[in-house]
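These notes concern the structure reproduced below.
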Amino acid sequence: MQKQKIIWIFGLVVILLILVILGVYKFDYLSGKDGYDVHGNKIHKIYTKNELGQKLEREKESIKDNLGVRLISPEEFKSKADTGEYILVDIRTPEEYQSGHIEGAINIDYYAPDFKEQVSKLDKNRKYLYYCRSGHRSGEAEILAETFNFAEVYELDGGINAWQKVGFQIKK
């Protein structure tokens, strides 16, 4: 009788130990600690919101680089503009343009219904320098210009805000 009791206790301990091990495995499995999600897919990295934003920005820049879009500093933008080889395109609204623009820039309103048509009519063999207020619109317009196979297109990093921040003048 004593022997049966010991066997029963030993059996229960083994079963409890197995359940604990399976429970820990299941917890790791469900939490992703084992490197897999609940569907069995390999987890490469779980990103924080900030890390994900930075990763998406890097990927956006990589896409621009692959398209030939070049993001340049205000100093490099000015240097290129001063050569006279480039057409400056301010893609802000006419009101923004009138409030002050880089000397020599033409205005093509990014928000105009015929924006794509206006860009497609530009001479594709010329070199262009695009800018907007902060860099968002010009980045989008530059990708559009690349779609139309323009020879050379540059975007002012940070837009006219960055231009003024480094002390370059605008025409009012």
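If you take the residues of region 91-122 that are part of a loop (DSSP other than H, G, I, E, B) and without any contact (Cβ under 8 Å) to a residue 12 or more places away in the chain, which of them is nearest to residue 76 (Cα to Cα)?
Applying the filter and picking the extreme gives 121.
Residue 69 is checked against (1) modelled with pLDDT of 80 or more; (2) closer than 19 Å to residue 159 by Cα; (3) among the hydrophobic types (A, V, I, L, M, F, W, C) and fails just one. What number does that condition carry?
(1)
Given the criteria under 14 Å from residue 153 (Cα atoms), at pLDDT below 95 and acidic (Asp, Glu), does residue 109 qualify?
On the way: under 14 Å from residue 153 (Cα atoms): no; at pLDDT below 95: yes; acidic (Asp, Glu): yes.
Answer is no for this residue.
The values are calculated or read from the model by the stated rules, or taken from the named source; none is laboratory data. Values in this document were obtained by computation on a predicted structure and should not be read as measured data. Cβ: placed from backbone, ideal geometry, glycine included. Neighbour counts: every protein chain shown.
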